[in-house]
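Below is one structure, written out as structure tokens, with a few remarks after it.
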Amino acid sequence: MLDDDKKWFRVCLRLYGDSLDPNSINGLLGISADKIGIKGVARTGKNNRTYAPYRTNIWLYQSKLHHEVGFEEQINSIFLALGGKAELLSKLLNTPGVDGEFFCGFGSGNGQGGDVITPATLRQIADAGLSFSLDLYPPSIPDNEEAEQAAT
């Protein structure tokens, strides 16, 4: 369990959809997925625990910044990792049957807290054709392991 004054943030770029070929995204965007899921294949968690199959194809890239760094810095680090490929991402997201989002998880030891995302970053998210998804976790969560599982 977190100390009362501790907070954690987790940001993932998540692309998904029946028309998405997750195995082609690494080459297209120039960054390697942290997780790929294929529709109909069972999800596997820690200790090889098996979960329900993926309902659609998914490609997930997680920010490499420390979990105490806020949403905006993590989002911008992902855009930086994409380099000049943000335009290709936008084109991909205009493909029927392909969607994408920044999946953002937040938790704190006392259940309070938040973060600010500037208009410039919100504009960058919108221009890329991405949604912004926020998932909040109660203080009883011992660490951000559940956020990682929820992202998939």
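Selection of the range 39-54 for residues being surrounded by 15 or more Cβ atoms within 10 Å (Cβ to Cβ) and either in a loop (DSSP other than H, G, I, E, B) or at pLDDT 95 or above (or both) yields 39, 54. Which one is surrounded by the most Cβ atoms within 10 Å (Cβ to Cβ) among residues in the range 79-98 that are touching a residue at least 40 places away in the same chain (Cβ under 8 Å) and part of a loop (DSSP other than H, G, I, E, B)? Per the criteria, the residue is 98. Looking only at the range 113-138, residues that are assigned to a loop (DSSP other than H, G, I, E, B) and either surrounded by 12 or more Cβ atoms within 10 Å (Cβ to Cβ) or not hydroxyl-bearing (Ser, Thr, Tyr) (or both) come to 9 in all. Could you tell me whether residue 27 is in a loop (DSSP other than H, G, I, E, B) and either farther than 22 Å from residue 70 by Cα or free of Cβ contacts under 8 Å to residues at least 40 places away in the same chain (or both)? Judged against the criteria, residue 27 is not a match.
Summed over the range 1-60, residues that are of a type in the set (Gly, Ala, Ser), within 19 Å of residue 103 (Cβ to Cβ) and out of contact with any Phe, Trp or Tyr (no Cβ under 9 Å at 6 or more places or on another chain) total 2. Against the numbered list (1) farther than 21 Å from residue 128 by Cα; (2) out of contact with any strand residue (DSSP E or B) (no Cβ under 9 Å at 6 or more places or on another chain), residue 30 comes up short only at (1).
Conditions (1) free of Cβ contacts under 8 Å to residues at least 12 places away in the same chain; (2) in contact with a helix residue (DSSP H, G or I) (Cβ under 9 Å, 6 or more places away or on another chain); (3) not in a loop (DSSP other than H, G, I, E, B), marked per residue:
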{"position": "10", "(1), (2), (3)": "no, yes, yes"}
{"position": "20", "(1), (2), (3)": "no, yes, no"}
{"position": "23", "(1), (2), (3)": "no, no, yes"}
{"position": "72", "(1), (2), (3)": "no, yes, yes"}
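When we screen 110, 76, 57 for residues that are touching a residue at least 24 places away in the same chain (Cβ under 8 Å), touching a strand residue (DSSP E or B) at 6+ places or on another chain (Cβ under 8 Å) and surrounded by 11 or more Cβ atoms within 10 Å (Cβ to Cβ), the only hit is 57.
Within the range 1-22, being within 17 Å of the chain's Cα centre (by Cα) and under 19 Å from residue 93 (Cα atoms) holds for 11, 12, 13, 14, 15, 16, 17, 20, 22.
The values are calculated or read from the model by the stated rules, or taken from the named source; none is laboratory data. Bear in mind that the values here come from a model prediction, so they are computed numbers and not experimental data. Here the Cβ is made from the backbone with ideal geometry for all residues, glycine too, and neighbour counts use every protein chain on show.
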